Amino acid sequence: MCEEQPVRLHCFAHAGAGVSAFYNWPGDLGPGVESLPRLLPGRDARRREPRISGREELLADVMDLFAQAPDAPYVLYGHSLGAMVAYTVTRALHEAGLPGPALLALGACPPPDAASALSDAAWGPEDQLLELLAETGTLPAGAKPGGVWHRAVLPVLRDDLSLAHTLRINAHEPVVGPPLSVPMLIVSGADDPLARPDVMAGWRHWSTGPTVTRTVPGDHFFVRGHELPRLLGRACRVVRRTRPARAVAAARG
């Protein structure tokens, strides 16, 4: 890999969101890392496109981004719903025999075999979902029935939570071929009531590769802080240093 070529960090956001949470990341990621936020249909610049409701639709939308053999190692990061998207994409690449990420980083999302209060509430009554959002501090201050948030964001949020629920179910299907062996970085928010660090640690059972767990300051939306991109920037630079060394060792046999 050329010394100047950055590690590409593909980012998938939480439910109900576009990709604005990643806009300020470049300053915190540090040198040698390029952040590439990936916008799903039904929001922001893609708001006129139908929202994704299942695994096959998701893969049809995003797999072309990764189907070509990469000219350098890359990393995936997914936050909350985005974690299930990143895991699903990584597993699909693995099952298709295509090069996957050098590192799969997941944040703020319980593993598929643990309870997930938000995605479990996806198909329940709206008042119960709103109560859960309020209890966990994820309902924006000032959000009023009939207001902009309820009209513009809540429908996207509900559809995204349904997608997350579906992806969690799909994850229990047996892996086609050898076990998934991607290295994983599992990141928790110290004050996240929806994905506590002890619950997040369960992701280690979803890959046979090495898994590192880290806890950063913040609640469920620690994606908006500085510590997460700094952590990911350091992880990407480790990937940048070690992957060429592994390739040379493999070539030498």
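The values are calculated or read from the model by the stated rules, or taken from the named source; none is laboratory data. This structure is a prediction, so every number in the text was calculated from the model and none was measured. Note that we place each Cβ from the backbone using ideal geometry, even for glycine, and neighbour counts take in every protein chain shown. Areas reflect the complete protein model, heavy atoms only, side chains present, ligands, DNA and RNA absent. Shrake-Rupley method; radii C 1.70, N 1.55, O 1.52, S 1.80 Å.
Key figures for this structure:
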item	result
Hits in the stretch 130-152 - residues which are open to solvent by less than 70 Å² (accessible area, probe 1.4 Å) and closer than 23 Å to PHE222 by Cβ	LEU130, LEU132, LEU133, ALA134, THR136, GLY137, THR138, LEU139, PRO140, GLY142, ALA143, TRP149
Residues within the stretch 72-100 that are in contact with a helix residue (DSSP H, G or I) (Cβ under 8 Å, 6 or more places away or on another chain) and closer than 14 Å to ASP160 by Cβ, tallied	7
Test: residue in the stretch 201-211 that is open to solvent by 70 Å² or more (accessible area, probe 1.4 Å), modelled with pLDDT of 95 or more and not in a helix (DSSP H, G or I)	yes
Of all residues making up the stretch 23-35, the number that are buried (at least 17 other Cβ atoms within 10 Å of the Cβ) and either over 19 Å from ALA45 (Cβ atoms) or without any contact (Cβ under 8 Å) to a residue 60 or more places away in the chain (or both)	3
Residues of the stretch 5-55 satisfying the condition of being within 16 Å of ALA235 (Cβ to Cβ), among the aliphatic types (A, V, I, L, M) and part of a loop (DSSP other than H, G, I, E, B)	none
Elements of type helices (runs of 4 or more DSSP H) in the stretch 56-143, at least 2 residues being of a type outside the set (Val, Ile, Thr) and without any contact (Cβ under 8 Å) to a residue 12 or more places away in the chain	126-135
Of the criteria (1) open to solvent by 20 Å² or more (accessible area, probe 1.4 Å); (2) at pLDDT 95 or above; (3) within 18 Å of the chain's Cα centre (by Cα), which one ASP64 fails	(2)
Unique match (being open to solvent by less than 40 Å² (accessible area, probe 1.4 Å), closer than 15 Å to ALA108 by Cα and more than 15 Å from the chain's Cα centre (by Cα)) among ASP198, ASP192	ASP192
Filter result for PRO183 (over 17 Å from HIS14 (Cα atoms) and modelled with pLDDT of 95 or more)	yes
Among the candidates ARG47, ARG43, ARG55, residue that is among the basic types (Lys, Arg), open to solvent by less than 70 Å² (accessible area, probe 1.4 Å) and over 19 Å from PRO101 (Cβ atoms)	ARG43
Filtered residues of the stretch 1-20 (kept if out of contact with any strand residue (DSSP E or B) (no Cβ under 7 Å at 6 or more places or on another chain) and either polar (S, T, N, Q) or within 15 Å of LEU231 (Cβ to Cβ) (or both))	GLN5, SER20
